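The values are calculated or read from the model by the stated rules, or taken from the named source; none is laboratory data. None of these values were measured; they are calculated from a predicted model. Note: ideal-geometry Cβ built from the backbone for every residue, glycine included; neighbour counts use all protein chains shown. Side chains included, ligands, DNA and RNA excluded: accessible areas come from the protein's heavy atoms. Shrake-Rupley method; radii C 1.70, N 1.55, O 1.52, S 1.80 Å.
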Amino acid sequence: RIRNHPDVTNFVPVENAAVPILTFDWEGVNIDLLFARLNSASVPANFDIDNDRVLDGVDAATEKSLNGPRVTNLIASLVKGSPQSLERYETFLKVVRCVRKWAKNRGLYSNKMGYWGGVNINIAVALVIQLYPNACAASLLRKFFLVFKTWRWPNPVMLTKPHDANLGLTVW
């Protein structure tokens, strides 16, 4: 359906990628749309991507596709802390933007080139916010560089412990 829409150009399905995507331009805006094959004929109206059961029986490529938005949602909920803490999330976004701008200006923003990309920076900034939950954006930015200057690599940066959801795979 998307391929035949009059506002869509440059439609290319990338089926054999680690995370299958449909890439296309919609009215001149480039879009990479993740593809996931679910074990149902249709997507239910009450579909909750954050429920671990959505991963039940999916293939590895679909698991990766679904985990992109699941990780984004998890980071957001961990950063907010409580549903009322929108201010802390806004502070998180400010620090993320600063770190991304810093990395891009130095040519250090690219997963393909072995540097951190979007989700890596989000996880790292979220960790700093977990360590310093009441700090302002400027303090968090400073703490970001102090924390990762002395990080004991290759120790992973973990926001939460993985758990077994009885799906035969580790879930965060």
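Please name all residue pairs, on different chains or six or more residues apart, with Cβ atoms under 7 Å, provided the first residue is in the range 18-46 and is closer than 15 Å to Pro6 by Cα and the second residue is open to solvent by less than 70 Å² (accessible area, probe 1.4 Å) and assigned to a loop (DSSP other than H, G, I, E, B).
Phe24/Ile2; Trp26/Asp7; Glu27/Asp7
Which residues, counting only those in the range 40-58, are loosely packed, with under 13 Cβ neighbours inside 10 Å and either among the aliphatic types (A, V, I, L, M) or within 17 Å of Val128 (Cα to Cα) (or both)?
Residues satisfying the conditions are Ala41, Val43, Ala45.
With the structure loaded, tell me whether Asp48 is touching a strand residue (DSSP E or B) at 6+ places or on another chain (Cβ under 7 Å) and not in a helix (DSSP H, G or I) or whether it fails that test.
Considered against the rule, which asks whether it is touching a strand residue (DSSP E or B) at 6+ places or on another chain (Cβ under 7 Å) and not in a helix (DSSP H, G or I), Asp48 comes out as no.
Mind checking which helices (runs of 4 or more DSSP H) fall wholly inside the range 59-153 and carry at least 3 residues that are at pLDDT 95 or above and surrounded by 12 or more Cβ atoms within 10 Å (Cβ to Cβ)? Walk me through how you get there before you give the answer.
Values: elements: 60-80, 86-105, 118-131, 137-149.
Those helices (runs of 4 or more DSSP H) span 86-105, 118-131, 137-149.
What's the total number of residues in the range 1-39 that are among the polar types (S, T, N, Q) and open to solvent by less than 60 Å² (accessible area, probe 1.4 Å)?
Residues of the range 1-39 that are among the polar types (S, T, N, Q), as a first pass: 4, 9-10, 16, 23, 30, 39.
Filter once more, keeping what is open to solvent by less than 60 Å² (accessible area, probe 1.4 Å): 23.
The number of residues fulfilling the criteria is 1.
Condition test on Asn122, is it closer than 19 Å to Arg70 by Cα and in contact (Cβ under 8 Å) with a residue 40 or more places away in the chain?
Details: closer than 19 Å to Arg70 by Cα: yes; in contact (Cβ under 8 Å) with a residue 40 or more places away in the chain: yes.
Yes; evaluated as a whole, the condition is true for this residue.
Does Leu169 count as modelled with pLDDT under 95 and over 19 Å from Ile75 (Cα atoms)? Don't jump to the end; show me each part of the working.
Values: modelled with pLDDT under 95: yes; over 19 Å from Ile75 (Cα atoms): yes.
It is true that Leu169 is modelled with pLDDT under 95 and over 19 Å from Ile75 (Cα atoms).
Give just the number: which of (1) at pLDDT below 95; (2) more than 30 Å from Asp56 (Cβ to Cβ); (3) open to solvent by 60 Å² or more (accessible area, probe 1.4 Å) does Asp164 not satisfy?
It is condition (2) that Asp164 fails.
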